[in-house]
Amino acid sequence: MEYRINPKNKDRLSALGFGCMRMPKNEREAEKLIISAVEQGINYFDTAYFYFGNEAMLGRILQRNGLREKVKIATKMPQYLVKKPGDLDRFFAIELERLQTDHIEYYLMHTLNSIEQWRRLVSYGVEEWIQEKKAAGQIGSIGFSYHGGREDFRRIVDAYPWDFCMIQYNYMDECNQAGKEGLLYAGEQGMAVMVMEPLLGGRLAIGLPEEAHTLLKRANPDRAPAEWGLRWVWNHPQVITVLSGMDTQEILDHNVRVAGVSSPNSLSGEELVLFEEVRRIIRDKTKVPCTGCAYCMPCPFGVDIPLCFNCYNETAIASTLQAQVKYVTYVGDHGASQCQKCGKCEEHCPQSISIQETLKIAAKTLERFPYRQVRALVRWWLGRKQPKQRASSH
């Protein structure tokens, strides 16, 4: 495992962090992964109040296995739910209880995407609150996670003496959100930068357009697309820790291996040019920039928004029929046409996707002929695979 030094407090952090949002829901499976991650050198675990059940599971696993003192916990204040000064203490106390700890090493304001949001928190006394928690040893480092534009990113960085920040950064988002400009700016201020979505919700690991996959394979047959994506992020010296949502031992082992051989400024000029071409191909094939984070969920009307968008994007990579089969099989009765345009989902989308309008387009694409016929066929096939009930003797 490679370790990088936090410029603010000199912590030695693993270059690979464990993003808990996508860890297995089954606690036994999650426990095995977390134990293995710690044994392989990962010491930074990121969760959030908003990741339902996630903080509590992480807390139980760390305590049960005596791992709490071996790791740094990062979790987040749901600032969008803070409506009065007392909410800061209320949410923080809940998180401490869930995590079974009396302190958080890395604490963030969750999805702090505009300077107006920060000013609202300031009006509730958040600056004094942070000072109190730091003085009491309950918070080690204070930061924020970000999904907004470049200008507001600079404003937020300048508004407070932050210790660190977390941004979405990968080779497709070099110029999106905070982007490279934000990464460099935060680094110039001496802030530690943590990176989320290094593989864009897995889109840069699996499901690449065939043309892009072929280019990467030709350049180095031994590197999987995921390794290319991770190496690109770790190539930046300002990046301290890269979070990965690892839900299998195979993915964990792969990422640990790649972290061990990746270092700043290690990519060649030819490799950087290759990323430019891969980026162009993917942009030509992407219909909707959904990362599958599920911040838009749950939908009040049952629409599985991330999966609908996943299938819609598949129409640009595979055939529409293949995408329809996947759509019918996995989305089922939670399809795009069930959207009632309530708009609740769009309030929380980090990518600022026009979800209602895009679902409408996805429904027209995925539910056109031969959607009904495919749906009937898949349902018939799945029915055949169910074990037949034994006839009652009564």
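The local environment of residue 83, defined by Cβ-Cβ distances under 12 Å, has a net charge of +2 under the rule Lys, Arg +1 and Asp, Glu -1.
Tell me, what does the Kirkwood hydrodynamic radius of segment 45-151 come to in angstroms if you use every pair of distinct C-alpha atoms? Write out the running numbers ahead of the final one.
On the way: mean 1/r = 0.0705 Å⁻¹.
Mean inverse Cα-Cα distance, inverted, gives 14.2 Å.
Gyration tensor analysis over the Cα atoms of segment 148-198 returns equivalent ellipsoid semi-axes of 17, 12, 8 Å (largest first, whole Å). Using all alpha carbons of segment 35-100, what is the percent of pairwise distances in each 10 Å bin, ordered from the shortest bin to the longest? Going from the shortest bin to the longest, the percentages are 20, 50, 22, 7, 0.
Can you show me the helix-derived [θ] at 222 nm for the chain, built from DSSP H runs with n ≥ 4 at -39,500 (n - 2.57) apiece and divided by the number of residues, rounded to the nearest 500.
Computed ellipticity for the chain at 222 nm equals -13500 deg cm²/dmol.
What list do you get for 146, 295 if you sort them by fewest beta carbons within 10 Å?
295, 146
Just want the ordering: 263, 14, 319, 244, from fewest to most Cβ atoms lying within 10 Å of their own Cβ. Don't skip to the answer; put the middle values down first.
Numbers: 263 15, 14 25, 319 10, 244 30.
Taking fewest neighbouring Cβ atoms as first place, the list is 319, 263, 14, 244.
Restricting the calculation to alpha carbons of segment 305-385 gives Rg and Dmax of 13.2, 42 angstrom.
Going by neighbour counts of Cβ atoms within 10 Å, the residues 46, 89, 222, 247 line up, fewest first, as 222, 89, 247, 46.
Cysteines in the chain lacking any other cysteine Cβ under 4.7 Å from their own Cβ: 20, 165, 175, 290, 293, 299, 308, 311, 339, 342, 349. Each 10 Å bin, from zero up to the one with the longest distance, holds this percent of the alpha carbon pairs of segment 3-285: 6, 29, 35, 22, 6, 1.
Read-outs: derived from the displayed coordinates by stated rules, not from any lab. Quick caveat, the model's predicted, so the values are computed rather than measured. Here the Cβ is made from the backbone with ideal geometry for all residues, glycine too, and neighbour counts use every protein chain on show.
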